[in-house]
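Visitor: Following this message is one structure expressed as structure tokens.
Rule-based calculations on the coordinates, nothing more; no lab input. Predicted, not measured: the structure shown is a model, and the values here were computed from it. Note that we place each Cβ from the backbone using ideal geometry, even for glycine, and neighbour counts take in every protein chain shown.
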Amino acid sequence: MAHWFHRNPLKATAEVKFDLKMVASDSQALKLCSDLKQARARLLELLPNANHEIDVVEPALTLYLSLLRGLIETPEGEGSGWSKLRHAVRYRWTHSMVGTKPEAHHDAVYEVVSVLQNTAFWYMKHASKIAAQEEVSMDETKLVHRSLRRGAGLLKYAQEEWVHKLLESPEAMSDSDPRVHTAYLNQATAEAQEVTIARAIELKHNAGLISAISNETSKMFTTAADAIASLDEKKFGHWSQYLRLKAAFYASYAYNYSGQNLLNQDNCGDAIRALQEAKKKYEEAGLLCKEYSHVKGPGTQAKPEKHQFYRRLAPIVTRTLEKCERENGMIYHQKVPFDPPELEIKATYGLVAPDDYTLPPMAPLWTPVTYSAFDLTKNLSEDESAKSKTAQVEYLGARS
């Protein structure tokens with residue numbers, strides 16, 4: 001079953017040379033600097049292309065973070081705490097929603113956060129690329145689900161474990177702004193649940209369960225939309241429309257399958273009212289689809305009202321509502337209530353949680369001897385020449 005997802009641009013970054021100063025020339029230390037540069041470049045080469053396999057991107061991420069960890073924490077045998085090299089290198093990154101002006105920090109923690117976020121965005125794009133096919137196999141469906149969970153897990157880990165360790169509070173509207181993070185995390189998790197819903201429908205699971213998962217998914221999209229509602233409409237309006245149309249769409253799903261469940265319980269009057277609400281939410285989603293296609297902003301440009309994901313629900317709602325009205329007229333003769341029935345608050349199972357993630361172990365090259373070869377005083381000196389180049393940054397990785 002084909003899906004349709006909105007995607008925002010990737011972050012962009014400038015090259016980092018890792019030209020760290022040393023007390024004396026040390027072959028292992030020189031190799032570390034070279035490996036850091038090459039591992040970062042390799043990862044950034046992969047991320048702009050969503051067609052790469054997870055088995056290619058994930059090892060590249062692991063390798064780079066294992067090397068970078070020595071710039072964050074002291075190696076084993078050197079005590080505990082922050083590495084003396086944490087502030088030795090300058091990192092420049094843009095943010096996905098606020099243009100091409102980079103934010104720069106001499107802080108390896110800022111690099112970790114940015115790399116985790118950008119890789120999370122790659123996972124979301126990878127899932128979208130696979131899910132957009134007309135025919136999606138079972139293995140591909142599992143891959144979409146896994147990618148979205150993994151992306152959510154990277155975002156959650158970056159925000160909960162590292163953002164509060166930054167030297168400065170995140171800038172407003174940046175990818176580390178709690179409002180933007182909340183939107184991304186809920187979007188990735190809700191989209192994974194879209195895959196669960198499609199699978200549950202295909203396998204003809206209990207209508208009450210499908211309704212409950214759909215309701216939870218609608219609420220996640222609403223939470224995501226509410227998180228960025230106060231941000232710049234010109235930058236976030238297009239994304240916000242996507243989140244709201246998905247919220248309305250899955251509310252329609254929730255009421256549709258609630259109606260089917262009520263009919264199975266011979267509550268035909270309530271079933272009719274639920275299906276009337278499903279039709280109302282579907283029409284609301286249709287209006288939001290048209291608004292989405294007209295609102296300008298970063299990210300995917302599309303006409304979702306013409307996509308199969310939207311069109312396939314209408315005949316289901318219409319057919320079920322007509323069946324309920326026909327059976328109520330012939331068999332049940334029940335009154336249709338004014339208010340729609342309450343939806344299931346919590347699904348018993350089928351809900352998605354972000355994958356757990358943690359940094360890989362520090363690369364073996366980071367030994368006490370190698371660590372001591374770097375000269376702290378030289379690496380912390382002011383780099384005035386770097387400061388003068390902030391206006392001209394050659395970015396690695398397409399903003400796509």
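Visitor: Could you work out how far helix 207-227 tilts from the main Cα principal axis of the chain, as a 0 to 90 degree angle to the nearest 10?
Guide: Taking the Cα atoms of the chain, the angle to 207-227 is about 50 degrees.
Visitor: If you don't mind, another one. For ASP55 and GLN334, FRET efficiency with R0 = 60 Å and r from the beta-carbon atoms, rounded to 0.05?
Guide: Values: r = 56 Å, r/R0 = 0.93.
Once the sixth-power term is evaluated, E becomes 0.60.
Visitor: Below 8 Å, C-alpha to C-alpha, sequence gap of six or more: please give me the relative contact order for the chain in percent. Walk me through the numbers before you get to the answer.
Guide: Numbers: 650 pairs, mean separation 104.7, N = 400.
Relative CO of the chain lands at 26 percent.
Visitor: Would you kindly calculate the translational diffusion coefficient of region 154-236, applying Stokes-Einstein with the Kirkwood radius from alpha carbon pairs, for 4 °C and a viscosity of 1.567 mPa s, and quote it in µm² s⁻¹ without decimals?
Guide: Values: Rh = 14.3 Å.
The calculation lands on 90 µm²/s.
Visitor: Using the structure shown, select from LYS235/LYS296; LYS11/LYS101; LYS11/LYS290; LYS142/LYS219 the pairs with a Cα to Cα distance greater than 18 angstrom.
Guide: LYS11/LYS290; LYS142/LYS219
Visitor: Quick one: putting +1 on the C-beta of Lys and Arg, -1 on the C-beta of Asp and Glu, what dipole do you get for the chain around its Cα centre, in Debye to the nearest 20?
Guide: Numbers: 49 positive and 51 negative charges, 176 e Å.
The dipole magnitude comes to about 840 debye.
Visitor: Let me ask you something else. Taking only DSSP H segments of four or more residues, each worth -39500 (n - 2.57), what value at 222 nm results for the chain once the sum is divided by all its residues, to the nearest 500 deg cm²/dmol? Please report the intermediate quantities before stating the final value.
Guide: Working: 13 runs with 217 residues, N = 400.
Result for the chain: -18000 deg cm²/dmol, rounded to the nearest 500.
Visitor: With contacts defined as alpha carbon pairs under 8 Å and 6 or more residues apart, what's the relative contact order of region 209-307 in percent? Before the final figure, lay out the partial values.
Guide: Values: 127 pairs, mean separation 32.0, N = 99.
This gives 32 percent for region 209-307.
Visitor: To continue, here is another question. Relative to the longest principal axis of the C-alpha atoms of the chain, give the angle of the C-alpha long axis of helix 233-264, reported between 0 and 90° and rounded to the nearest 10°.
Guide: 40
Visitor: Straight-line reach from LYS335: which lysines fall under 21 Å, measuring Cα to Cα and dropping same-chain residues less than 8 apart?
Guide: In chain and number order, the partners are LYS279, LYS280, LYS323.
Visitor: Give me the number: length gained by fully extending THR377 to GLU325, i.e. 0.36 nm times residue separation minus the C-alpha to C-alpha distance, one decimal in nm.
Guide: Details: separation 52, 0.36 × 52 = 18.72 nm, distance 8.02 nm.
Gain on stretching THR377 to GLU325: 10.7 nm.
Visitor: Follow-up. Please give the helix 108-131 orientation as an angle from the longest Cα principal axis of the chain, in degrees from 0 to 90, rounded to the nearest 10.
Guide: 40
Visitor: In whole Hz, with x marking every Gly and Pro, tabulate ³J(HN,Hα) for region 185-198 from phi via Karplus 6.51 cos²θ - 1.76 cosθ + 1.60, θ = phi - 60°.
Guide: Those phi angles translate into 5, 5, 5, 4, 5, 5, 5, 5, 5, 4, 5, 4, 4, 4 Hz.
Visitor: Still on this structure: Of the residues THR196, THR100, THR217, which exhibits the maximal mean-square fluctuation in a Gaussian network model of the chain defined by a 10 Å Cα contact cut-off?
Guide: Greatest mean-square fluctuation among the candidates belongs to THR100.
Visitor: Roughly how many nanometres apart are two label points built 7 Å out from the Cα toward the Cβ at LYS346 and SER27?
Guide: Going from the LYS346 label point to the SER27 one covers 6.1 nm.
Visitor: When the Karplus curve 6.51 cos²θ - 1.76 cosθ + 1.60 is applied with θ = phi - 60°, which whole-Hz ³J(HN,Hα) does each residue of region 9-16 get, with x for Gly and Pro?
Guide: x, 6, 6, 10, 8, 9, 4, 10
Visitor: What does the charge dipole of region 201-337 about its Cα centre add up to, to the nearest 20 debye, if the Cβ of each Lys and Arg holds +1 and the Cβ of each Asp and Glu holds -1? Each step should come with its number before you reach the end.
Guide: Numbers: 20 positive and 15 negative charges, 85 e Å.
In debye, rounded to 20, region 201-337 gives about 400.
Visitor: Can you give the direction-averaged projected area of the convex hull of the alpha-carbon atoms in the chain, in nm²? Walk me through the numbers before you get to the answer.
Guide: Numbers: hull surface 84.5 nm².
If I average the Cα hull's projected area over directions, I get 21.1 nm².
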